[in-house]
Every structure is written in structure tokens, then in C-alpha cells.
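The values are calculated or read from the model by the stated rules, or taken from the named source; none is laboratory data. The structure displayed is predicted, hence computed values, not measured ones. Note: ideal-geometry Cβ built from the backbone for every residue, glycine included; neighbour counts use all protein chains shown. Heavy atoms of the whole protein, side chains included, go into the accessibility calculation; ligands, DNA and RNA do not. Shrake-Rupley method; radii C 1.70, N 1.55, O 1.52, S 1.80 Å.
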Amino acid sequence: MAKIVYRRHDRNEMPLMPPEKRKKTFDEYALGFPVNVAIDEAYRCILCKKAPCIPVCPAELDIPRWIEQIQKGNMAEAYRIIREKSPFGAVCGRVCPQERQCESNCVLMFKDNGLSVSIGGLERFAADTVRISGMPFEEEKAPDTGKKVAVLGAGPAGLSAAYFLAKRGHKVVVYEALPEPGGVMRYGIPPARLDRKALDYEIELIEKLGVEIKTDHVVGKTITYEDLRKEYDAIFIGVGSGRGKTIGVPGEGLIGVYTAIEFLTRINLYEAFKFPEGADTPIPRGKRVVVVGGGFTAVDCLITSLRLDNETHLVYRRTRETSSARDEEWDHVAEEGAILHWLTQPIEIIGNEKGEVVGIKCIKMELVPDEKGGRPKPKPVPNSEHIIECDIVVQAVGQGPNPLAYQDIPGLKIDKWQNLSTVDSKFRTNVEGVFAGGDVVNGGDTVVRAIRHGREAAEAIHEYLMTGKWEYEGEE
Amino acid sequence: MGFPILKKEVLNDRFYILEVHAPHVLEKFAPGQFVMVLPKKGGEIIPLTVFKYDTQKGSITLLIEVRGKSTKELLVRFNEGDEVRDVVGPVGAKPHLEKVGKVLLVGYNYGNACVYNIGKGLKDIGNEIHFIAGFESEETALSYTLFKDISSDIKVVSGGIKKVKEEVRDFIDANKDTSLVVSAGIPEFEKEIEEVADVFEVPHLTHASAIMIDPVGLAGSDRVFVDGEVKYASLDGPWFDGHKLDYDSLIQRNNIFVDYEKEALRKFEEELEKERKRAARKKRV
Ligand SMILES: Cc1cc2nc3c(=O)[nH]c(=O)nc-3n(C[C@H](O)[C@H](O)[C@H](O)COP(=O)(O)OP(=O)(O)OC[C@H]3O[C@@H](n4cnc5c(N)ncnc54)[C@H](O)[C@@H]3O)c2cc1C
Ligand SMILES: Cc1cc2nc3c(=O)[nH]c(=O)nc-3n(C[C@H](O)[C@H](O)[C@H](O)COP(=O)(O)OP(=O)(O)OC[C@H]3O[C@@H](n4cnc5c(N)ncnc54)[C@H](O)[C@@H]3O)c2cc1C
Ligand code: SF4
């Protein structure tokens, strides 16, 4: 057998638009690998037999098996293997925090400070090649079972469940309140990070399997649980946990204060960045914006705000190192001109006599060790109050529950956060025939985890539909 | 997809009616609820009350006041047979309606559609309905015949908010047994009606026209303060206790985008003007 060559250090980096250029466009700034680079990168993978990258992928993609197909130049086959586990390869290749998942455990990293295979870049490459080349891509599904499933919410969890159920031969109808499907992938994550063509294509492939997506349907209003119960053999709840939260300081009612979700929805769903020429939904431009928060959402608000020609600040009460967003992303927004204020806590939003925001009053923080051994805790530094002048404050401090779709299900066990963490290991709720997954279960996580939930729930639903067995394992 | 316009009727320079095929809205519809309409891709989603409806036809009728770009565009660009892209709904809480006796509905401009709709619900459970339909001017006032099936006492009042307020005061003064006032329109108007309701100590149900961009309260643009508490107009409303709604903050928040809205309307009117000129030129040739 030939000796394995470990190419530990020559990782191909994802080509990016230069900062000056990218902050002027809502187009995607990570450009994707050209073919020769992708194939070279694929050859860095040594196709491990017991690949350590797989178990740390939340969707458990069979990574070496599809990378091998890329090595052979067989992109459709690579994409097909990805889709055995996830219908959103193009999306995940772009938005997964791979450095904390698959790429954190690649064998190439185990020695000499090696660099992992660019798994995300390759996943995106396989998916994009199939789409952009326009090659026919058909997927098989089992013969019609005659069973019908309602999926509530067209986010990654719901659409993933719909996909795997359709492949099993069940009839699936997805109910979505918004005018477009996709959930956070549509209204939250900016097109600069996720090209909508890639998203649209993967949703189309799901529809091609016969899944019907009914947008403009608010579950709990347009249609109720009782109606669904009569019409369907099982129900999957994937409505997320997406209500924008506010920071809870004085001045939140002032003109110019937004939740991150409002700010992003205007721009990403209703295309307000084209106002007034190409879209009718307004969003201020050329102002001074302060984004409050330190996660994915805060980064997306910064990316978006910079592209609207705003002077853009971030205030976060912890440090960059203790934030939940990626290091790389802070670098990117800093390169684009964002001003990052770490260890800074807002205490009041200040307005003028017309009720418009004129600034945000903050206090400096320091991190002190947590007595219980948890994350270090931020503590205010006395006499460090200061004001950052601004016109707009965007509150990116997390999302809360949105129980409208399930609050009226008789007997359903809802947890104290108003979510459905009460499901068992098979994503069953305590109500027979009703399953749930994604953010509505875990209160806010990742796209890939939502996909995994959707897939496993689909398997459990399939089992239930075929056997009629129902044994809720949670506490009654 | 899309929702076809079955009928369009221009009532005057300010108001028009669209009847839209949207059967999904009607399965669970209750008086007091509304829809959100996105006219086209790239359009702005706007809340509109279900003014009247026809379950048999699966259609809803919207009574629309021209205020800015979206309501103007719907008027000039959409005709019978065209489709509006999205009709989401029904949206809003089902208000708890009770038989209370004598009810006075007071609308102002588009608010007449809102009070008519909930008024129908109040009438159907046996209340005695009186209706003051307020308008800004005589030219833009609508005929009472539009509302006549819910009351035999309809008074059309034009000439602005203050005049409508006077009428309301006179009505309650003369009808001390009024057990509920229901008002809708811009919050500046509702605030004035609240003043009267407060003085006469009559319960007041009012309509929070907050800015809404999604039907499940995700964005929170529609947060209003009721009795000091944050509520979402699209979810908990739009109908709230008129004695408890904070009108000033609603007025403030409704003005957030005024400059942008003016710009959008101006641009659109320029576009229409250009088209008119072009058409006129063509005619001459
Ligand atoms: C701004 C932002 C950026 C993010 N960036 C990333 C990232 O880069 N990578 C990553 O992995 N994760 C990211 N996340 C997290 C990730 O998006 C979520 O974990 C994931 O989308 C959850 O999927 P879901 O399907 O459970 O819910 P959602 O995506 O929230 O979808 C739920 C859907 O249900 C619909 N719905 C809600 N109520 C009803 C109702 N009553 N009737 C009908 N439909 C209803 C909603 O409109 C929505 O479309 C981000 C989150 C945010 C907010
Ligand atoms: C629950 C509810 C029911 C309504 N019912 C009717 C009705 O039956 N008939 C009718 O003519 N009007 C109704 N309105 C008002 C209607 O939504 C606004 O007039 C419309 O959005 C104006 O849009 P525009 O683009 O034409 O004007 P713009 O110039 O964009 O706005 C004019 C004013 O309308 C308000 N507005 C703008 N965008 C929104 C939005 N997305 N949501 C709410 N308000 C907004 C703001 O106060 C703004 O200053 C209702 C409003 C609400 C909240
Ligand atoms: S661990 Fe790295 S080298 Fe091994 S299969 Fe996974 S990606 Fe390839």
C-alpha cells in the first residue's frame, strides 16, 4: 500500500472579495473555490476509514465518502451523498461554524499545528457546481404511502423534515407564516453570507419531491391545530424561537431603536437595501449605528449596517474571545470598518425632544472569575460611564419563544421558556402524533442542528406512521 | 401563486375598494382581525382590515385609503384580474366581544373600515350600533350606504378630527346610556376620542395602527405600550383598551420612516407623471 501523504499545511483558503469592495455590495463576499482549487483541496483529505470529522458534524455527513467523489470530479454524486443526510449542503457549506464542528477534528490537525481540510468550502463547492452547471438532478422517493404530514414552519428544521418524509413517500404540506420559505436562512442571515440563489435552489429541490409549501399561512390563525389534526396523520412543529428580544434599558421606545430581527427582516426579506428604486420597504442609510450583542446575529447586523454606508459600532459586555461569534468574522467586520467596543455594557438609550435616538450611554466592564467555575462574569467598572453618539440602536441580544403555533394544543407540555424542550429522544412531544425540532426545542442553536432534528424526527414520524406505535419517553 | 383581484372600485380621490380572492383567510376569520398584503416582490407588506367578506366566493373586500406609495401603487397599478403577491392572515387577536347595549363606532378615514368590521361582530351578538363615520374633508368623505347594513344611525362627518370629536361628545352627552365607544384611525385621532370617553367614563375599545412587517411578531416593530406593558399589535392587538393604550409613543413610532415614505411617494409620483406625459405625447403623434 502506498504511504499516506499528510498535506498538513497547504490548506487552500477561501477567496474573499477585498474589504473595500465587499462593503459596497450585498453580494456574497466569500467567492467559493474554483474547480482546480477545489479538487486540490479535496486531495488533501486522506479519506480516513474511521473519520474523526464525522461524529463532530451535527448532521453526521459522511464526509470522506463525498470528498472522494470530488477528488474524482464527480460532483453530482458528492452532492447526492451529502443529501443522504442533509438537503442544505449549499447553505451549510456557507453558514456552519465548521471550525467548531467537522473541521475542529480533522486528522490533519492532530500534529505539527496542521490545518484541517476545508470541509465547508468543499461542501459548498459540490452543491454549487450541481446548481450552476444546470445539470439534471433527480432524486428518488419511495412509492406513495397514502399518509399525510403537516409541517409547521419552513425553516431548516421544517424543510429538512419535509424532505426526508417526502423521500419516504409521505405527502407533506408545509405551513409558513411569512411570504417566503427559509426561516432564518431567508430573513436573518444576510445575502452577503448566503447567496439567495443557493437557498432557492435547495428549496426547489425539496418542492420537486412533491412537498407543498403554503406561505402566508399563520398556524394558530389561518389554520388551527384542530383543523390540522383532522387532515393529517402526524404533525411536525418547526416554528423556531425567533421573536426579537430587547435589551431592557430605558429608551427602547425611541425612534431609531430596532430589534435585530426587524433590522435584518426589512433588509433580507423585503430587500430594503434597494429602497427606493427597487424596493418599497425603507431602512435608514448613512447614519451612525450601534449594534448591541456578541453572537451570530450581532455580526450579521454589523455586516448589514456597513453595507448601508453607516458608521457602525458594536458594543458587547464581554470580550471578543468570550463572544459566541467566530474570530474570523470579527476580523472581517473590523476590516470593513466596524468599530468594536469590547467589555462595554449599554445602560440607557438617549433621545432628543423629538423622541429620536441621539446616543447610547454605556459603562465599561471587567471580567471576573465565576465562583462556580463557569464563564468569567462581566462586572461594571465604577465611574466609567460614557456616551457613544448614534442615530440607531440595533438590539442583537437573542431571540425568544414564539408559541403562537402550539400554545393552543390541548395538553401539550411546554417548558418554562415557552419552548418544547419537553420532546423525547425521537422528537415526540407528549401529544400523540405531534413532533417538534429545531430552535423551538433547543431555544436557539444552528442551522445544521435544526436539519439534524428534522431528519431524525422524519424517521420517527415514518416509524409512527407505519407501525402506529407511540411511546412518549419524557416525563408525563 | 398570487391572489386575484375580483373587483376594483374607485370611490373618490382618496378611497377605493379591492375585492381579493383569498379563501384561506376566511376559514378562521373573526371580526376585528386583518390581513397583511404584500402587493408584489420588492413591495412593502402593509396591514389592512378585512372590511367585508364573502365566504361563498372565498373573497375579502378591502377598503383602502391612499396614504403613501403602497396604497397608491395598489390603486394605479392593480386592476381586476391582476394578482397581489401575498395575502397573509387572518392576523391579530380575536377580540372578546360582549353584548353591552348601545355601542358607538367612530372611524376616521381608513379607520372606518376597521370599526365597521368589528362593529359587524358587535351587532351580530345583539348590540345596538350607532356609527359616526369621520373624514378629513367633504371631497374625500364616503357615502353612508357603504356601512348601512350595520346600523340605521350613521352620520357622516367631514372636516377633520376636531369636528368628529365634537360629534362624539354631542352623541354621548345625548346618550348617557352609551356603553362602549369603538374608535379607529390614526392614533392622533384616537387620542382625541379617548379624551371624550375618559370624561364621560365610557369604556373605549381602540385600534393600534402600529407598523407591522411580519404576522407573528418576530420583528417587534409593532410593539405598543398598554398600561405600561409592552404588547405586540399584530399578536395581542390591534384592539386594545382605549383607556390604557399609550397614544403618544404610538404616534412617535409611526413617524419613524416618514421621510423615507415621502421620498418613496415622490419618486412614484414622478414616475407616474413621466408615464402620463409619454402617453400624451403618443396620443398627439
Ligand atoms: C441573524 C441570525 C443569524 C444566524 N446565523 C447562523 C449561522 O451563520 N449559522 C448557523 O448555523 N446558524 C445561524 N443562526 C441560527 C439558525 O438560523 C437557527 O438555529 C435555525 O434557523 C433554526 O431553524 P428552525 O427551522 O428551527 O427555525 P427558523 O429558522 O426560525 O424557522 C422557523 C419558521 O417558522 C415560521 N413560523 C413561526 N411561527 C409560525 C406560525 N405560527 N405559523 C407558520 N409559520 C411560523 C417562521 O416564520 C420561520 O420561517 C442564526 C440566527 C440568526 C437569528
Ligand atoms: C391593523 C391595521 C389595519 C389597517 N387597516 C386598514 C384598512 O383597512 N384600510 C386602510 O386604508 N388602511 C389600513 N391600515 C393602515 C395602512 O396599513 C397604512 O395606511 C399603510 O400601511 C400605508 O402604506 P403606504 O405605503 O401607502 O404609506 P406610507 O407612506 O408608507 O405610510 C403612511 C403611514 O402609514 C403607516 N404605515 C406605513 N407602513 C406601515 C406598515 N407596514 N404597517 C402599519 N402601518 C404602516 C405609518 O404610520 C406611515 O407614516 C391599517 C393598519 C393597521 C395596523
Ligand atoms: S478527518 Fe479530515 S482527512 Fe479525515 S476524512 Fe475527515 S476531512 Fe478527510
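Here is how the numbers come out for the structure above:
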item	result
Yes/no for A:Lys21 being open to solvent by 50 Å² or more (accessible area, probe 1.4 Å), within 10 Å of ligand 3 (Cβ to nearest atom) and modelled with pLDDT of 90 or more	no
Residue in region A:132-152 that is assigned to a helix (DSSP H, G or I), open to solvent by 40 Å² or more (accessible area, probe 1.4 Å) and over 30 Å from A:Leu404 (Cα atoms) present	yes
Identity of the residue in region A:356-369, of a type outside the set (Lys, Arg) and touching a Ser or Thr at 6+ places or on another chain (Cβ under 8 Å), that ends up most open to solvent (accessible area, probe 1.4 Å)	A:Leu367
Odd one out for A:Ala279 among (1) touching an Asp or Glu at 6+ places or on another chain (Cβ under 6 Å); (2) within 26 Å of A:Met14 (Cβ to Cβ)	(2)
Within region A:226-259, considering residues that are more than 16 Å from ligand 2 (Cβ to nearest atom), open to solvent by 20 Å² or more (accessible area, probe 1.4 Å) and within 9 Å of another protein chain (Cβ to nearest Cβ), the one nearest to B:Leu218 (Cα to Cα)	A:Arg243
Selected residue [open to solvent by 10 Å² or more (accessible area, probe 1.4 Å) and either within 9 Å of chain B (Cβ to nearest Cβ) or closer than 19 Å to A:Ala192 by Cα (or both)] from A:Glu262, A:Glu321, A:Glu329, A:Glu336	A:Glu329
Top-ranked residue in region B:84-107 [being away from chain A (no Cβ under 14 Å) and open to solvent by 10 Å² or more (accessible area, probe 1.4 Å); ranked as nearest to B:Leu218 (Cα to Cα)]	B:His96
Residue ID - nearest to the chain's Cα centre (by Cα), chosen from residues in region A:206-225 that are under 24 Å from A:Ala127 (Cβ atoms) and buried (at least 20 other Cβ atoms within 10 Å of the Cβ)	A:Ile206
Count of region A:154-195 residues which are assigned to a helix (DSSP H, G or I), within 12 Å of another protein chain (Cβ to nearest Cβ) and not aromatic (Phe, Trp, Tyr)	2
Residue in region A:83-93 that is within 12 Å of ligand 3 (Cβ to nearest atom), in a loop (DSSP other than H, G, I, E, B) and closer than 15 Å to A:Ile451 by Cα present	no
Restricting region A:400-450 to residues that are within 14 Å of another protein chain (Cβ to nearest Cβ) and of a type in the set (Asp, Glu), the residue that is farthest from ligand 2 (Cβ to nearest atom)	A:Asp439
In region A:291-314, the residues that are within 10 Å of A:Ala396 (Cα to Cα), open to solvent by less than 10 Å² (accessible area, probe 1.4 Å) and β-branched (Val, Ile, Thr)	A:Val291, A:Val292, A:Val299
Breaking point among (1) more than 16 Å from ligand 3 (Cβ to nearest atom); (2) in contact (Cβ under 8 Å) with a residue 24 or more places away in the chain, for A:Arg7	(1)
First in region A:154-172 and at positive phi, second anywhere and open to solvent by 10 Å² or more (accessible area, probe 1.4 Å), Cβ under 7 Å, 6 or more apart	A:Gly169/A:Lys141; A:Gly169/A:Ala142; A:Gly169/A:Pro143; A:Gly169/A:Asp144; A:Gly169/A:Thr145
Where A:Arg80 falls short, out of the listed (1) modelled with pLDDT of 95 or more; (2) open to solvent by less than 30 Å² (accessible area, probe 1.4 Å)	(2)
Region A:167-179, residues that are under 20 Å from B:Val84 (Cβ atoms) and either within 16 Å of ligand 2 (Cβ to nearest atom) or surrounded by fewer than 22 Cβ atoms within 10 Å (Cβ to Cβ) (or both)	A:Ala177, A:Leu178, A:Pro179
The listed residue being closer than 20 Å to A:Pro250 by Cβ, over 16 Å from the mean Cα position of the chain (by Cα) and at the interface with chain A (Cβ under 10 Å from one of its Cβ atoms), out of B:Asp246, B:Asp214	B:Asp246
In region A:88-142, the residues that are of a type in the set (Ser, Thr, Tyr) and within 16 Å of ligand 1 (Cβ to nearest atom)	A:Ser104
Candidates A:Glu13, A:Glu28, A:Glu41, filtered to the one that is under 21 Å from A:Asp128 (Cα atoms), within 16 Å of ligand 1 (Cβ to nearest atom) and either more than 14 Å from chain B (Cβ to nearest Cβ) or surrounded by 14 or more Cβ atoms within 10 Å (Cβ to Cβ) (or both)	A:Glu28
Boolean, B:Ser234 is touching a residue at least 24 places away in the same chain (Cβ under 8 Å), open to solvent by less than 30 Å² (accessible area, probe 1.4 Å) and closer than 30 Å to A:Asp391 by Cα	yes
